[in-house]
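The values are calculated or read from the model by the stated rules, or taken from the named source; none is laboratory data. Worth saying up front: this structure is predicted, and the values here are computed from it rather than measured. So basically every Cβ, Gly included, is an ideal-geometry build from the backbone, and we count neighbours across all protein chains shown. For accessibility, only protein heavy atoms count, side chains too; no ligands or nucleic acids. Shrake-Rupley method; radii C 1.70, N 1.55, O 1.52, S 1.80 Å.
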Amino acid sequence: MDQTHNMPGKRTELQMARSMCWHCQSEVHGEYFCVQCVKVQPVSKELDYFTCLGLPRLLNIDLGALEAKFYELSRAFHPDFFQNKSESEQAISLGNSALLNTAYRTLKDPIRRAEYLIQLEAGSAKDIRTSPPADLFEEILALQEDLEEFRSASPGQNPVHMEELRTRLKVDRETLERRQLEMEHRLAELFTAWDKLQSRKQPDDQARRERDAMLKEMREILSNRTYLRNIVNDMVATTG
Amino acid sequence: MTRIVGIDLGTTNSLIAYMEGDTPRVIPGRHGRTLVPSVVAMTDNGLLVGDPAKEHLVRNPERTIYSVKRFMGKGLADLAGELKYFPYKLHEQGGVIRIQIGDKTYSPPQISAMILKELKLRAEAHLGEEIRKAVITVPAYFNDSQRQATKDAGLIAGLEVLRIVNEPTAASLAYGLQKRTQGIIAVYDLGGGTFDISILKLKNGIFEVLATNGNTHLGGDDFDRRVANLILKEVRDQYGLDREQYPDTMQSVRLEAERAKIRLSDDQKTTIAIELPARKGEYRRELTRDQLEALTMDLVEQTIGPCRLALKDAGLQPSEIDEVVLVGGATRMPLVRRRVQELFGKVPHSEINPDEVVALGAAVQADILSGGTQDMLLLDVTPLSLGIETMGGVTSTLIRRNTTIPASAKEMFTTYVDGQTSVDIHVLQGERELAKDNRSLARFQLRVPPLPAGVPRVEVMFLIDANGILNVSAKDVRTGQIQSIEVKPSSGLTDEEVERMITESFKFAADDLKARQLIEARTEAEAIVKATEKAFALGGHLIGAEETALIKASLGRLQTATSSDDHRGIRARIADVEKATHHLAEVLMDSTLKEALQGKKLSELP
C-alpha cells in the first residue's frame, strides 16, 4: 500500500466549480446559497481556507473574526438544518460542513496556519526531517543514546547510574524545550515580517527575494520544530 | 412535520422526552415514573420490559437481561474478566456478542430494541400519535461500532434514528437552554456503565465541543460490584457459602449493593441484609459512607485522568472552566462531587435532575432537527482518532480525536505490483501507534484497474458524519469514476442481519401484544376467582342451592378457559362469572351494611 498526500488545488481552477447553481442552473458568483432558488451551493474544493473564512491571507489573523465567521457559516451549512431537505442538499451540507471544519481547525492554530500558508505559497508544507537540525546535532545524538539505554535498562540496574541518566535526560529535555520556545519566538517575528511584506503594493525583485528567504526559513523552523516535538514527546513517554 | 422524540438509552435506566413548545419534557409511565429500567425479561408468559422485568432479576436471573448497553458493538474479547458477573450465557457470532436465553439467541441491538419499543409505546400512549423518528444518545466516548449498534437497535425497534447524540453534549443543550449559560463548561457524566467528560464553549447559542474523553467501561455498575464483592466475601468467610452455590441470590446481592450505595449518598451509614439460601439465615452488616468511599476511591480516581486529558486537548487549565455540570445517577455520590470540586476548584452544578438531563437534551436536539429550535447549534467532535493500517502494522492517523464533525480526510492510494487489481484497506479507531492495539473498524477492498505499479490513483474519502459514524467513498482520479464501497464492520451486525431482526421484531411485537393481553386476562381471572371464593365463605349461606350451583359452574368454566391461550375466551368467562355472582354481591353488601348498623345509634353513622 502506498499513499501520497494530496496536492493543493491548482489556483487557476479557483471558483470554476461554482459558477452555476446545481439546481436551477442560474449563475452564482460565490454565494453560498443560490440567489434564485435559495438552494445551498457546494463550497468549491479549490477555495482556499482564508477565502472560505473571509480572512486576508496573512499569518497573524483576527481570531475573534475567525470564530465569528466559523459560527456564522456553521449555522448556514450544518446538517442539522438540512434534515428536511432533499438528499442532494443534505450531501452538500455534509461536504461543506466537513470542509468548513477543516478550514477552521487549520487556521485556528498558528503552526497549522503557517504550514498551510507555506503549502499554498510554495507547494509543499514541510520536509519531513529525518536527521537532527545542524545546530543540535551532537546534543541530540548523545541524548538518543541515553534514551535508548534508559529504555532497555533491566530492573536490576544500578539505581545510582539510573538516577544520573534520568537527571541528564531531564536537563536535555529542558534544553530542547527552550530551543522550541526560541523557534516559536522567531516564527512570530517572521509572521509579522511576512504580513508586512504582503501589504506592499508592488512587489519588486527585492521583495520577492525577501519573500523566498522568509518562506525558506519558516519551512526550516517548522520542520525542526516537528522533529524536536517528536523527540520531546518520546522522552515524556519514556521517562514520564 | 412529524414529531421527533429524544431517547436516553441508558445502561441502567432509559427515558424518552419530547419538546412541548420550547420546553423539553420527559414522558412518564402509567405510575408517574419517568425512568424505564433497562431490563428485559423473557418469561414463560412473554416479554417484559422495565419495572416488571426488574422483578424477574431475582426470580428469573438467567432469563432476565440487564446492562445490555455494556455489550453494544462489542465482541467477547472486549469483556474478558467481566463475564462471570452476568447470569446469562454469552457467546460470539460474526464478531458480535450473542446472548443465549433458553434455546434462542439475541444480539445486544435486539435487546436494546425491546427497550426502545417500550419507550416508543409509552410516548405513543402519552402523545396519542405514532412515533417513527428519534434522536438517541450514546456516551461521547462510544466508538464507531457502538454507535452503529445503537442505530441498528433503533431500526429494529421501528425507529428512524435521525441522529446519534453524545450524552454529555445533550446534557449541555438542556442545561444551556434552561440557564442561558455562556462561557466554558465541563460536563462530568458518570452513568450506570460509562464515564464521559466533555468540555464545551457556549457562545450565542453555539455549543462547541472543545474536547471529550472518557471510559466506556466505568460506571455505577462498577461501584455496585465493589460492594457486592465485599458481601460475597463475607458470606463466604462467615457462612462458608461460595457464589457458585447460590447463583439465584447473586442478583439480590447486586441489587442490595446498589440500594446500599444509593442510601449512602444521603445517610452516613446503612444496613445491608441478604436472605441466604440453604437455611443459612440472614446476612447482615452495617456499611458506612466512609467504608463505601474507601472501597470505591480508585474508581472515582479513574475518572480524573480522562478529565485532565480532555483539558489538555482543549488547551485549558482547570481554573479556566466557568461551570461544571454533573450528569448521571452516579454523580449523586458525595465522594464524586467532592473529587470533581477538587479538580476544577468550583462547586459543580446539578440543578437539573441528573437522571433526566440527557433525555431532555435529546429532545432539544430532536427539536433542532425538526426545524423547531433554530437559535441553538451543537458542534460536536469525534472522540477517537481514525486511521488506516500502513506497512509494518503501524497506524497512520487521518482524522485526529476531538476533531469537529462532520470531518473528512482524503487519502490517495496506488498499487505496488504491476496489474494489481485491488488494495486492502484496514480502518482503525484509537490512539495507539500499532494497528493491532487499536480497534479494527472495518476492512474493505478498493478496486483498482489493472495497470503498471504506481500508475492507478484512487482517492479515498473518509467522512465522519454528524453522528460520529464513518462513511467511505472512493474516486478513480484518472477516470473520475466513483466507486461505492461496502464497508464491512469488523464488529457489528450486517445489513442482512439487521433486516432479519426488524422482521423478527414485528413477529415479536404481535406475539408480545398477545402475550401481554393473555397475562392481563389471566391475572384478572385469578383475582375474580379469589374474590368469588371469599364471597362464598362470607355469604354462601345467604343464597339458594340453585344459585350456588350456577356460580360454581361458571367458575369451573373460567378455570378451564384460563389454561387456554385465548385471552378473549377468558374475558368472556370472566363476564359470565360477574353476571352469575351479581346477586350474591348485592346480598353480601346488604348483610355487611346490616352488620355495620347493628348496635349503633343513628348519630354514630357516617
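Show the residues, 5+ positions off or on another chain, whose built amide H is closer than 5 Å to the amide H of B:VAL39. Placed amide hydrogens put B:GLY50 under 5 Å from B:VAL39.
A simple rule links phi to the HN-Hα coupling: the Karplus curve 6.51 cos²θ - 1.76 cosθ + 1.60 with θ = phi - 60°, which for region B:561-571 gives 4, 4, 7, 8, 9, 9, 5, 5, x, 4, 4 Hz, with x for Gly and Pro.
Roughly how large is the A-B contact in terms of buried accessible area, totalled over both chains, probe 1.4 Å, nearest 100 Å²?
On the way: alone 15020 and 28300 Å², together 40470 Å².
Adding both sides of the contact gives about 2800 Å².
Largest mean-square fluctuation among A:ASN230, A:ASN60, A:ASN84, in a Gaussian network model of chain A whose springs join Cα atoms under 10 Å apart, belongs to A:ASN84.
Taking square-rooted eigenvalues a ≥ b ≥ c of the alpha carbon gyration tensor, is region B:219-309 rounded, prolate or oblate, where a/c under 1.5 means rounded and, failing that, a/b exceeding b/c means prolate? Please list the in-between numbers first.
Numbers: a/c = 2.56, a/b = 1.83, b/c = 1.40.
Prolate, because a/c is 1.5 or more and a/b exceeds b/c.
Going from the chain on its own to the full set of protein chains, region A:77-123 has these residues losing 30 Å² or more of accessible surface (heavy atoms, 1.4 Å probe, no ligands, DNA or RNA): A:HIS78, A:ASP80, A:PHE81, A:GLN83, A:ASN84, A:LEU94, A:ALA98, A:ASN101, A:ARG105. Counting only protein heavy atoms and a 1.4 Å probe, chain B has 44 square angstrom of accessible area per residue. Each residue, B:ARG33 and A:GLU189, gets one label point 7 Å from its Cα in the Cβ direction; the gap between the two is 7.1 nm.
Between B:LYS410 and B:GLN445, what's the calculated FRET efficiency when r is the beta-carbon distance and R0 is 25 Å? Round to 0.05. Display every interim value, and only then the final one.
Working: r = 19 Å, r/R0 = 0.74.
After rounding to 0.05, the efficiency reads 0.85.
A simple count of charges around B:GLU20, restricted to other residues whose Cβ falls under 15 Å of its Cβ and scoring Lys, Arg +1 and Asp, Glu -1, yields -2. Taking 7 Å steps out from each Cα toward its Cβ at A:ARG178 and B:LEU434 produces label points 3.8 nm apart. Using a Gaussian network model of chain A whose springs link C-alpha atoms within less than 10 Å, name the residue from A:ARG225, A:ARG200, A:ARG186 with the highest mean-square fluctuation. For chain A, modelled as a Gaussian network with Cα springs under 10 Å, the answer is A:ARG200.
Note on B:ARG132 and B:GLU504: their simple-model spin labels are 2.5 nm apart, each label 7 Å out from Cα toward Cβ. Counting only DSSP beta bridges with both residues in the protein assembly as shown, the antiparallel share comes to about 80 percent. Remark: region B:405-414, residue by residue, has Karplus-estimated 3J(HN,Hα) of 9, x, 9, 9, 8, 10, 9, 9, 10, 9 Hz, where x stands for each Gly or Pro and the curve is 6.51 cos²θ - 1.76 cosθ + 1.60 at θ = phi - 60°. Run through region B:175-207 and list the trypsin sites (Lys or Arg not before Pro) located in a DSSP loop whose Cβ has at most 12 other Cβ atoms within 10 Å. For trypsin sites (Lys or Arg not before Pro) across region B:175-207 that sit outside H, G, I, E and B with at most 12 neighbouring Cβ atoms in 10 Å, the list reads B:ARG180. Dipole orientation for the protein assembly as shown: of the candidates A:GLN90, B:LEU264, B:GLY6, B:GLY6 has the Cα lying most toward the positive pole (charges on Cβ; Lys, Arg +1; Asp, Glu -1). Taking the centroid of alpha carbons for each part, region B:322-349 and region B:378-407 are 30 Å apart. A cut-off of 5 Å between modelled amide H atoms, ignoring neighbours fewer than 5 places along the same chain, links B:ALA442 with B:VAL427, B:SER490.
Charges were assigned to the Cβ only: +1 to each Lys and Arg, -1 to each Asp and Glu. The resulting dipole of chain B about its Cα centre is roughly 320 debye.
Assigning unit charges at the beta carbon (Lys, Arg +1; Asp, Glu -1) and nothing else, what dipole magnitude in debye, to the nearest 20, does the protein assembly as shown show about its Cα centre?
So the dipole magnitude of the protein assembly as shown works out to roughly 760 debye.
Working note: Karplus 6.51/-1.76/1.60 with θ = phi - 60° gives region B:32-46 the couplings x, 7, 8, 7, 10, x, 7, 10, 10, 10, 9, 8, 4, 9, x Hz, where Gly and Pro are set to x. Taking 18 Å as the cut-off, the amide N atoms of region B:549-565 that come nearer than this to a point 7 Å along the Cα-to-beta-carbon line of B:GLU520 belong to B:562, B:565. Under 5 Å between amide hydrogens, built in the peptide plane, is the criterion, and for B:LEU378 it picks out B:PHE207 among residues at least 5 positions away or on other chains.
In this Cβ point-charge picture (+1 for Lys and Arg, -1 for Asp and Glu), region B:384-493 has a dipole of about 100 debye about its Cα centre.
Simple rule: put +1 on each Lys or Arg Cβ and -1 on each Asp or Glu Cβ in chain B, find the dipole, and look at B:ILE231, B:THR560, B:LEU155; the Cα lying farthest toward the positive end is B:ILE231. The shape of region A:11-108 comes out oblate: with a ≥ b ≥ c from the C-alpha gyration tensor, a/c is at least 1.5 while a/b does not beat b/c. Kindly provide the Kirkwood hydrodynamic radius of the protein assembly as shown in Å, to one decimal, from all pairs of distinct alpha carbon atoms. Here the Kirkwood hydrodynamic radius works out to 31.4 Å.
What relative contact order, as a whole-number percentage, does region B:384-493 give when Cα pairs under 8 Å and 6 or more residues apart are counted? Please list the in-between numbers first.
Working: 243 pairs, mean separation 28.3, N = 110.
Worked out over region B:384-493, it gives 26 percent.
How are the alpha carbon pair distances in chain B distributed across 20 Å bins from zero to the largest one, expressed in percent? With 20 Å bins starting at 0, P(r) equals 17, 44, 28, 9, 2, 0. Would you please classify the overall shape of region B:129-240 from the alpha carbon gyration tensor, given that a ≥ b ≥ c denote the square roots of the eigenvalues, rounded means a/c under 1.5, and beyond that prolate means a/b larger than b/c while oblate covers the rest? Oblate is the answer for region B:129-240, as a/c is 1.5 or above yet b/c matches or exceeds a/b.
Provide the convex hull volume over Cα atoms per residue for region B:502-597, in Å³.
Details: hull volume 8.4 nm³, N = 96.
Cα convex hull per residue, to the nearest whole number: 88 Å³.
Taking K and R as +1 and D and E as -1, what net charge do the other residues with C-beta under 12 Å from the C-beta of B:ARG339 add up to? Value of the local net charge: -2. Across the alpha-carbon set of region A:134-239, the Rg to Rh ratio works out to 1.21, Rh being the Kirkwood radius.
Taking only C-alpha pairs under 8 Å that are 6+ residues apart, what is the relative contact order of region B:502-597 in percent? Spell out each step's value before the answer.
Working: 49 pairs, mean separation 34.8, N = 96.
Relative contact order, region B:502-597: 36 percent.
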